[in-house]
Amino acid sequence: MPVPFVGGEDEEGGDNRTMSAPRTRFVLIETSHAGNVGAVARAMKVMGFDDLVLVAPRWPDVLTRAEAIERASGATDVLARARVVPTLHEALHGMTHLCATAMTPRDFGPPTRTPRAHFEALLGTADVPPPGIAFLFGSERYGMRNENVYRCHVALSIPTDPAYGSLNLAAAVQLIAYDWRLALAAHGGGDAALVVPVSAPADAPQLEGMLGHWEQALVDIGFLDPAVPKKLMPRLRQLFQRAQPTREEIDILRGIARSMRECAAAIPNEKVESVALPRKR
């Protein structure tokens with residue numbers, strides 16, 4: 001299903017046009033290792049992509065070879081949908097924006113850009129995003145041929161350590177797929193926002209209730225002298241305000257205070273005085 005992509009301006013100068021996000025395809029050219037094909041399928045699926053095309057791989061049956069299936073590690077559905085074609089021309093049907101991958105810039109050919117910078121320019125400034133984008137990866141041994149790079153609009157170069165920039169094929173696919181997913185999400189064309197459950201912070205009454213509970217517990221165990229409280233409770237309040245505990249954490253702290261009070265109640269008063277911790281001054 002097409003994913004909304006937001007762009008353009010409304011009558012007041014705001015963005016309001018909605019269109020489909022670019023169709024994304026990963027193209028592997030003359031891949032020699034079946035395991036790498038499986039690892040690429042896994043890298044793609046993790047980032048939400050499933051359009052994989054192989055051009056003249058070493059093994060015609062690479063998509064069903066045991067090593068590919070093993071390295072796919074659960075992404076066998078991507079392998080099942082993948083296609084093997086004899087030429088790059090056939091792999092690019094429906095693709096309008098081609099991205100080569102290159103470790104080092106070439107003297108001639110398309111401009112070399114980092115993935116993140118290019119994606120921002122592609123989605124952030126274009127009136128209409130390309131309907132189809134293909135990421136091309138050469139063979140493990142010698143990368144992309146010059147004639148294939150020349151067909152592309154840009155050569156993407158991942159900013160690795162200059163002293164050792166060699167990336168495994170699947171690792172390169174993973175990095176580019178990650179940056180592309182983030183770029184789509186940033187411009188309304190994907191669901192790549194990190195979905196991390198975040199508990200709501202405790203409100204002021206909950207924090208005050210917990211502090212009151214702790215004050216009672218600290219008195220019960222002999223740590224706080226209510227006649228000479230000093231600044232213990234204000235300091236604890238500042239500590240917890242900095243920490244911004246969640247509601248669940250407040251419940252834990254109140255549970256600790258409750259256990260402290262129960263333990264203190266089970267000990268004779270004279271023993272509580274004898275085991276009390278030094279009071280805060």
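If you scan segment 241-270, which residues turn out to be charged (D, E, K, R), within 16 Å of G222 (Cβ to Cβ) and either modelled with pLDDT of 90 or more or not in a helix (DSSP H, G or I) (or both)? Those that are charged (D, E, K, R), within 16 Å of G222 (Cβ to Cβ) and either modelled with pLDDT of 90 or more or not in a helix (DSSP H, G or I) (or both): R261, E262. Starting from segment 184-206, take each residue that is open to solvent by less than 100 Å² (accessible area, probe 1.4 Å) and list its partners that are of a type in the set (V, I, T) and at pLDDT below 60, counting only C-beta distances under 8 angstrom and pairs at least six apart or across chains. Partner pairs satisfying both residue conditions: L184/V3; H187/V6; G188/V6; G189/V3; G189/V6; G190/V3. Taking each residue of segment 124-152 that is under 30 Å from G188 (Cβ atoms) and looking for partners that are open to solvent by 100 Å² or more (accessible area, probe 1.4 Å) and of a type outside the set (A, V, I, L, M, F, W, C) with beta-carbon atoms closer than 8 Å, six or more apart or interchain, yields P131/R23; G132/R23; I133/R23.
Would it be correct to say that A117 is open to solvent by 20 Å² or more (accessible area, probe 1.4 Å) and hydrophobic (A, V, I, L, M, F, W, C)? The answer is yes for A117.
The values are calculated or read from the model by the stated rules, or taken from the named source; none is laboratory data. Bear in mind the structure is a predicted one, so any value in this text is a computation, not a measurement. Glycine gets a Cβ as well: all are built from the backbone with ideal geometry, and neighbour counts include every protein chain shown. For the accessible areas, the whole protein counts, side chains as well, though only heavy atoms, and no ligand, DNA or RNA atoms are used. Shrake-Rupley method; radii C 1.70, N 1.55, O 1.52, S 1.80 Å.
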